[in-house]
Amino acid sequence: MTIVGPTEARPADGLAVDFVVESDRAQLSEIVQRVRDGRLRTNIGNVSALDDAVATFNATRAPRGKTVIRVRP
């Protein structure tokens, strides 16, 4: 899940779209089931603990895939 806010700068030659996603338990459960069934694959690059989040996002190398921050151990 990605949480975004309004963009500070609009691209000169493009369109910026702001959106808010409201979670729905049934839809989230369906996504989980699709991942478990292999019908939906994720592209996870880094998994880091919350304590390491700043260092993870400040890395000099661009990550491949999504970065996941674990809130609980």
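Panel note: the C-alpha atoms of the stretch 28-73, placed on their principal axes, show extents of 34, 23, 13 Å (largest first).
Report note on the peptides 41-53, 59-71: ranked by the mean count of other C-beta atoms within 10 Å, highest first, their order is 41-53, 59-71.
Any read-out appearing in this document is the output of simple, stated calculations on the displayed coordinates, not a laboratory observation. Here the structure is a predicted model, which means the values were calculated and not measured. Glycine gets a Cβ as well: all are built from the backbone with ideal geometry, and neighbour counts include every protein chain shown.
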